[in-house]
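The values are calculated or read from the model by the stated rules, or taken from the named source; none is laboratory data. Model, not experiment: these values are computed from the prediction. Cβ sites come from the backbone with ideal geometry, for glycine too, and all protein chains shown count toward neighbours.
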Amino acid sequence: MSKSVTDVICPFCGTLCDDLEVIVSDDGKKIEDIYNACAIGAEKFMHAQAADRVKKPRMQQPDGTYKEVSYDEAVDYTAKMFHKARKPLMYGWSSTSCEAQSIGHEIAEKAGAIVDNTATVCHGTTLIAVQDVGIPSCTLGEIKNRADRIIFWGCNPCHAHPRHQSRYSIFPRGYFTNKGHKNRKMIVVDPRDSDTAKMADYHFKLEQGRDYELLSALRVALRNEPLPETVAGIPREKIIEVAEVLKSGRFGIIFFGMGVTQTLSKNHNIDNAIMLTKDLNEFTKFSIMAMRGHYNVTGSGQVLGWQFGFPYAVDLSRGFARYNPGETTSNDLLRRDEVDAIFVLGSDPGAHFPISSVRKIAKLPSVCVDPHITPTSEISKLHVPVAFVGVEVGGNCYRMDNVPIEARKVVDPPEGMLTDVEFLDRVNKRLDQLMGGKK
Amino acid sequence: MSEYLIKNGFVFDPTQGIKGDKADIAVKDGKIVKSTEISSKAKTIDASGKTVMAGAVEIHAHIAGPKVNEGRNYRPEDKLFTYTPKGAGKRMAGGFSIPTTFKTGYEYARMGYTTAMEAAMPPLFARHVHEEIKDTPIIDEGAYPVFGNNWFVMEYLKNQEIENTAAYISWLLEVTKGVAIKVVNPGGTEAWGWGLNCLTIDDPVPYFDITPAEIVKGLIEANEYLGLPHSVHIHQNSLGNPGNYTVTLDTLKLAEKFKAKNKFGREQVLHSTHLQFHSYGGDNWGNFESKSKEVMDYVNTQKNITVDTGCVTLDETTTMTADGPFEHHLTELNHLKWANVDVELETAAGIVPYVYSPDIKVCEIQWAIGLEIALFTKDHMRTFITTDHPNAGPFIRYPRIIKWLMSAEARKERIDTFKHGAKMIEATHIAGIDRELTLYEIAQMTRAGPAKSLGMANLYGGLAPGMDADVVVYDFNPNTPHKPDDIEKAFSRAAYVMKTGVPVVIDGEVVNNGNKRTIWVHAKVNENPQVMRDIKDKFLRYYSVTQANYDVSKHFVPNPYVIEVDAT
Amino acid sequence: MEGGKEKDAYTKACGIIEMDPSDLKKLGAWRGTNVRVTSKYGEVVVKAVEATQGPHPGLAYIPMGPWANSVVNPNTYSTGMPTFKGTPVEVEIAMNEPVLSSVHLVQKKCRGEA
């Protein structure tokens, strides 16, 4: 007999779908089937079941190979690394629970570490822009119930957030949107003919890197001021037409992604997109939202916020919290050789950082806590496998619109495997012992 | 647990009518007891020459949750020069108008506050609010979920279905672990979903065919039907607008025909919060003036109403409210960065930094109005000190407000340095008021009064045997001559603070994280299948989370204090 | 990507460069040819494929992953964010050179072997 677990949260992307149904074997050990998930989400659950999964911590040997060690040894190595380091970097925190983040921050205070999350290579520039100009936004249910103008700017939800459009943004029939997608006009801004762009009522196929100009042009068009013949490769008439479409809506939203945050101008692109949103509120109701990637990168920003007052790149090395993107951000620290140890949990900088930063990580004392084998685990001195959050252990997470949803445990982790929380808790206690009540 | 005797202090305790008499306070197992009930082993705290009061109770502050945290995260500048490093048992802590959770707990405790209410919890974000409350040390906390723009409430009240409204409220309090019914800009915040607002109590809410007046009346009725400890707690329509005092009086009058019905000793049916923001005359910023007298003249005659001041402290701060349209209006005025969150089916919130400058006439007038409300008050058991933290100023300024209220000289000093002092005096009453509040009245406004209004007078706000041992000693001798600044100094850093029998502050420094609790109200009602069906239906069709994932599970509230209400 | 980064599927999904058909033609490469991509910041061998979400002549696309990160501009210009998009690159045919798996690529780069 199998049993069904309902209302399961998907620990993949920031859409944080919470309606999955997972069929589990009677002994509670094996996932047999998954309903309602997208292909990527389903794969994530299935990957937890892989036969070749690493179940013991592994220490890198001088020849570059790895040897199994006990969790006790792993805890000891990690705590000693923190104890010895003068300025360790604790990076990741986006694929784990808020409970784990919280213990990580306690360790960071004691060790004088820098805590940075994946926003640093994702929506960090968005966070900077918000600090400059604010952000008018809403929850995803508001989009479902009210929105009739949807812009996807530099993002491709068809691939990165597969159920976003069906759950919230394009197709659902809400309270004031009972005709579903027929109530909505969809505008996509992307230099490529992405699969999302192919669905759009209007596709602005702009020249790569010209987002700032196009955003400015829309703001000009709203004010009925003169525009050049083309902006960013888009004809003036089209820009004016779309500006009218936006104004004539009852409730609009701009969703934006890496296409704007990682392109040159970075935070200034987002500044301008937010100001466009603010301008549109002179005519109708408009919101803007970042398409956050990892399922709990938002949560990391929240926990850092209430504990230290900053959403990422928090430097505790001086005994109080500092924040200065460009200085206290992971890639800048690594490029300038400012950190002397690195602890990674819930992310894969080996795959997601420029290779010059990755080379620096490989040279440092390093611990990678991750259920998977990743490029990061394979260059770290110590790899500690842990239970999958959202599959084998629960914990709180925050959706891209900051709505908190508690992830569920679906199956037991392999016998003897620690969770993030358990491992961090043991490191924290060992560090206390090493410090003997000092520091 | 241990025993304590706080000896020889000048005790101010309105719950027992003690007005500065020298008395001893005995504590055993976390409760106040009669002096005869403790043994000779009790630890003695010498309070001679000092003022002794119960732990203070914060009735309205924004200290935990999504908008507070957005404020923290989007204002890195608020942390400048504010950080204190970690210490033994203490986390590093920083922030000024929106301090970190740790700093929030430490700073309240250092001022002698031992209980605080988060004033606006969006139900969908309740889990976030409780995560922050869990990380706020020392003080007991509760949170008010917002109901004034909730689709269920508006749909039930449109048809005058009080029983269904009450059943829904009971359900929501339980799943969000909430304390009371908060109403923010009734109807206006739903209208803000379309960029609109309700500026009077008779403006219809778009699509919902109901008025703010009907929402307020219906919620009062539901509140008394349930017999909740606190009354409806309202932030009225048209906040912050010149001439809004008429709307304020219209709303207050709605309470006239209702009677409080509860087992907690609460007498009011309506708490009107941050009244300063609602007591404005004039019709533009040029002829803007105080209407505190008109408003307080009415409040003074109505036992049915309690209020808090919302005093402007003249600081750079961060405004944040579930009054979404107001914050949009504010950003249009001051052009500072605007954050907004509309929350599906429930509410909205906005955030804008604000500088209350002593060089701006309007800010000077606002400062005066806040103090006038306290000074025009006849019964200080019904008017409480707040800053609507952080909206009119940060809560760490309470000692300064106490100084202004207790000293006409301090007020004059402040007025003398205003840039538009003469114009301010013309538009307000403050310069003509020589009243100086007593320590007893301060104890009413910060302890016994708010505790009674919350329906928690059996627990908090007093020093009678049987109550929680929340005891504060201030290094202030009321019987010797003092300068106004001595008041501020003494109330800023309590000499000794005990929280449910545990010493948490000694000589103004935090020494213990106490035994913090989260208060919530469990209101039992008869089974109501219709409301349960409606809830299920709304989750299926309109919410973006499933009903099963909405409930805040128990481990987010690790040390609960549940107040039971039986409305069956 | 959620199935395991050490697996072939990840290399097939991200160890590629999506190019416009006209650019492929200019290069004289077939679909599926291995090519060497070189920028000011590094080089990497990936498989050239025809853009599925095209056309966009002159614009090539390597998905996020260690292959792209071997050539992108790491400079953050004091924003914290490396400049992941808009890096000018040269593409040449490298028929006989293998596309390394993510783990091997990163390990080799770290050892200075690639």
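Annotations for the structure displayed:
- Set A:Asp63, A:Asp76, A:Asp116, A:Asp72: member being in a loop (DSSP other than H, G, I, E, B) and among the acidic types (Asp, Glu): A:Asp63
- Residues within the range B:121-172 that are more than 25 Å from B:Gly514 (Cβ to Cβ) and outside any loop (DSSP other than H, G, I, E, B), tallied: 24
- With respect to being acidic (Asp, Glu), part of a loop (DSSP other than H, G, I, E, B) and assigned by TED's automatic domain parsing to the domain that holds B:Gly449, B:Asp203 fits the description.
- Residues that are touching a Lys or Arg at 6+ places or on another chain (Cβ under 6 Å), small (Gly, Ala, Ser) and part of a loop (DSSP other than H, G, I, E, B), drawn from the range A:168-199: A:Gly174
- Within the range B:144-194, the residues that satisfy the criterion of being of a type in the set (D, E, K, R), buried (at least 24 other Cβ atoms within 10 Å of the Cβ) and closer than 21 Å to B:Val552 by Cα are B:Lys177, B:Lys182.
- Looking only at the range B:96-110, residues that are in a loop (DSSP other than H, G, I, E, B) and either more than 20 Å from the chain's Cα centre (by Cα) or surrounded by fewer than 24 Cβ atoms within 10 Å (Cβ to Cβ) (or both) come to 1 in all.
- Complete set of residues in the range B:332-347 that are facing another protein chain (nearest Cβ under 8 Å) and either of a type in the set (S, T, N, Q) or in contact (Cβ under 8 Å) with a residue 40 or more places away in the chain (or both): B:Lys337, B:Ala339, B:Asn340, B:Val341, B:Asp342, B:Val343, B:Glu344, B:Leu345
- Complete set of residues in the range A:278-308 that are touching a Ser or Thr at 6+ places or on another chain (Cβ under 7 Å) and either hydroxyl-bearing (Ser, Thr, Tyr) or at positive phi (or both): A:Ser287, A:Tyr295, A:Ser300
- Selection within the range A:134-167 - farther than 15 Å from A:Asp195 by Cβ, touching a residue at least 60 places away in the same chain (Cβ under 8 Å) and assigned to a helix (DSSP H, G or I): A:Leu140, A:Glu142, A:Ile143, A:Arg146, A:Arg167
- Screening A:Ala321 on (1) buried (at least 24 other Cβ atoms within 10 Å of the Cβ); (2) more than 16 Å from B:Asn73 (Cα to Cα); (3) over 19 Å from the mean Cα position of the chain (by Cα); (4) within 12 Å of chain B (Cβ to nearest Cβ) shows it passes everything except condition (2).
The rows are residues; the columns are (1) buried (at least 20 other Cβ atoms within 10 Å of the Cβ); (2) at the interface with another protein chain (Cβ under 8 Å from one of its Cβ atoms).
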| position | (1), (2) |
| --- | --- |
| A:Phe152 | yes, no |
| A:His161 | yes, no |
| A:Thr177 | yes, no |
| A:Lys185 | no, no |
| A:Arg192 | yes, yes |
| A:Asp195 | no, yes |
| A:Met199 | no, no |
| A:Tyr202 | no, no |
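- Qualifying residue in the range B:189-212 (condition: at negative phi, within 14 Å of chain A (Cβ to nearest Cβ) and under 22 Å from the mean Cα position of the chain (by Cα)): yes
- Filtered by the rule that a residue be surrounded by 24 or more Cβ atoms within 10 Å (Cβ to Cβ) and within 24 Å of the chain's Cα centre (by Cα), the range A:422-435 gives A:Phe423, A:Leu424.
- Looking across the range C:81-114, the residues that are under 18 Å from C:Met64 (Cβ atoms) and facing chain A (nearest Cβ under 7 Å) come down to C:Met81, C:Pro82, C:Thr83, C:Phe84, C:Lys85, C:Gly86, C:Ser102, C:Val103, C:Val106, C:Lys109.
- Boolean, B:Thr115 is part of a helix (DSSP H, G or I) and more than 14 Å from chain A (Cβ to nearest Cβ): no
- In the range A:111-142, the residue that is farthest from the other protein chains (Cβ to nearest Cβ) out of those that are of a type in the set (Asp, Glu) and crowded, with 24+ Cβ neighbours inside 10 Å is A:Asp116.
- Verdict on B:Thr301 being under 24 Å from B:Ala451 (Cβ atoms), surrounded by fewer than 24 Cβ atoms within 10 Å (Cβ to Cβ), more than 14 Å from chain A (Cβ to nearest Cβ) and free of Cβ contacts under 8 Å to residues at least 40 places away in the same chain: yes
- Counted residues, the range A:1-57 - those being within 15 Å of A:Pro413 (Cα to Cα), touching a Pro at 6+ places or on another chain (Cβ under 8 Å) and of a type in the set (Val, Ile, Thr): 1
- Single residue of B:Val183, B:Val175, B:Val205, B:Val146 found to be of a type in the set (Val, Ile, Thr), at pLDDT 95 or above and over 26 Å from B:His329 (Cα atoms): B:Val175
- Within the range A:268-294, being β-branched (Val, Ile, Thr) and either farther than 18 Å from A:Arg184 by Cβ or crowded, with 24+ Cβ neighbours inside 10 Å (or both) holds for A:Ile270, A:Ile274, A:Thr277, A:Ile288.
- Scanning the range A:382-421 for residues that are charged (D, E, K, R), within 25 Å of the chain's Cα centre (by Cα) and farther than 22 Å from A:Pro365 by Cα yields A:Glu392, A:Arg399, A:Asp401, A:Glu406, A:Arg408, A:Lys409.
- For the range A:76-95, the candidate set comprises residues that are hydroxyl-bearing (Ser, Thr, Tyr) and within 18 Å of A:Asn117 (Cβ to Cβ); within that set, the residue that is surrounded by the fewest Cβ atoms within 10 Å (Cβ to Cβ) is A:Ser94.
- Strands (runs of 3 or more DSSP E) fully within the range A:329-409 counting 1 or more residues that are at pLDDT below 95, crowded, with 24+ Cβ neighbours inside 10 Å and in contact with a strand residue (DSSP E or B) (Cβ under 7 Å, 6 or more places away or on another chain): none
- Tally of residues being farther than 11 Å from A:Ser4 by Cβ and in contact with a strand residue (DSSP E or B) (Cβ under 9 Å, 6 or more places away or on another chain) across the range A:32-45: 7
- Close pairs from the range B:348-372: first of a type in the set (Asp, Glu), partner part of a helix (DSSP H, G or I), Cβ under 7 Å, at least 6 apart: B:Glu364/B:Met424; B:Glu372/B:Ser292; B:Glu372/B:Ile430
Listed here are the residues, each with its yes/no results for (1) crowded, with 24+ Cβ neighbours inside 10 Å; (2) under 19 Å from the mean Cα position of the chain (by Cα); (3) outside the structural domain of B:Phe147 (by TED's automatic domain parsing).
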| position | (1), (2), (3) |
| --- | --- |
| B:Glu327 | yes, no, no |
| B:Val341 | yes, no, no |
| B:Val355 | no, no, no |
| B:His380 | no, yes, no |
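- Filtering A:Ala221, A:Ala243 for residues that are more than 14 Å from chain B (Cβ to nearest Cβ), closer than 24 Å to A:Arg146 by Cα, touching a helix residue (DSSP H, G or I) at 6+ places or on another chain (Cβ under 6 Å) and not β-branched (Val, Ile, Thr) leaves a single hit, A:Ala243.
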